[in-house]
Amino acid sequence: LTGNTTTQRPNQIQSNVYNAGFLNFLNTAAFAEPAFGTYGNMGTYSVRGPGTPELDLSVYRTFRLRERLSLQFRGEAFNLPNNFLRSSPIANLASSTFGQITSAGAPRILQFSAKIVFLMREPVSRYFSRSRGRCVAGRAW
């Protein structure tokens, strides 16, 4: 170890590592920098970030205009209830913002679209003989 505090695991000195604050997520007094050349006593992934409950929705409706032509309308909503999605807290022990949440996820996003679909079909007579329905020129159907 070379004194790198950005990827070094800290020592956990208190049992409760979480704060009751909304944006001050981690209790900074629960962590200490380990001695130089030693590993910290915390395991990998032992602290979890805030949950991100998210509900996405997509609805569409297709209208057939003609035999080979249809129109599709689509509506999509991401983060439908518009929850405040907190990002992970700053995990760098040497940072002045250690344990704080300084960014957020995306707000509600709505998008609408329309699509015209043209159905092209190969003529059956290209592959089959009209008289007996047999395969022509060795092509499989």
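Here are the numbers for this structure:
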| quantity | calculated |
| --- | --- |
| Failed condition for Tyr60, given (1) of a type in the set (Phe, Trp, Tyr); (2) touching a Leu at 6+ places or on another chain (Cβ under 7 Å); (3) in contact (Cβ under 8 Å) with a residue 12 or more places away in the chain | (2) |
| The range 69-113: number of residues that are of a type in the set (D, E, K, R) and touching a Lys or Arg at 6+ places or on another chain (Cβ under 9 Å) | 1 |
| Boolean, Asn16 is in contact with a Pro (Cβ under 8 Å, 6 or more places away or on another chain) and part of a loop (DSSP other than H, G, I, E, B) | no |
| Number of positions in the range 94-107 that are open to solvent by less than 50 Å² (accessible area, probe 1.4 Å) and either under 30 Å from Thr62 (Cβ atoms) or in contact (Cβ under 8 Å) with a residue 24 or more places away in the chain (or both) | 4 |
| Output for the range 72-93, where each listed residue is touching a Phe, Trp or Tyr at 6+ places or on another chain (Cβ under 7 Å) and open to solvent by 40 Å² or more (accessible area, probe 1.4 Å) | Phe73, Arg74, Ile90, Asn92, Leu93 |
| Qualifying residues in the range 101-135 (those that are within 22 Å of the chain's Cα centre (by Cα) and in a strand (DSSP E or B)) - the one modelled with the lowest pLDDT | Ala104 |
| Pairs where the first residue, in the range 24-53, is on the phi < 0 side of the Ramachandran plot and the second is buried (at least 16 other Cβ atoms within 10 Å of the Cβ) and of a type in the set (Ser, Thr, Tyr), C-beta under 8 Å, 6+ apart | none |
| Search result, residues across the range 41-89 that are in contact with a strand residue (DSSP E or B) (Cβ under 7 Å, 6 or more places away or on another chain), within 30 Å of Phe118 (Cβ to Cβ), charged (D, E, K, R) and part of a strand (DSSP E or B) | Arg61, Arg64, Arg74, Glu76 |
| Meets criteria (acidic (Asp, Glu) and surrounded by fewer than 10 Cβ atoms within 10 Å (Cβ to Cβ)) for Glu33 | no |
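The values are calculated or read from the model by the stated rules, or taken from the named source; none is laboratory data. Quick caveat, the model's predicted, so the values are computed rather than measured. Every residue, glycine among them, receives a Cβ derived from its backbone with ideal geometry; neighbour counts consider all protein chains shown. For the accessible areas, the whole protein counts, side chains as well, though only heavy atoms, and no ligand, DNA or RNA atoms are used. Shrake-Rupley method; radii C 1.70, N 1.55, O 1.52, S 1.80 Å.
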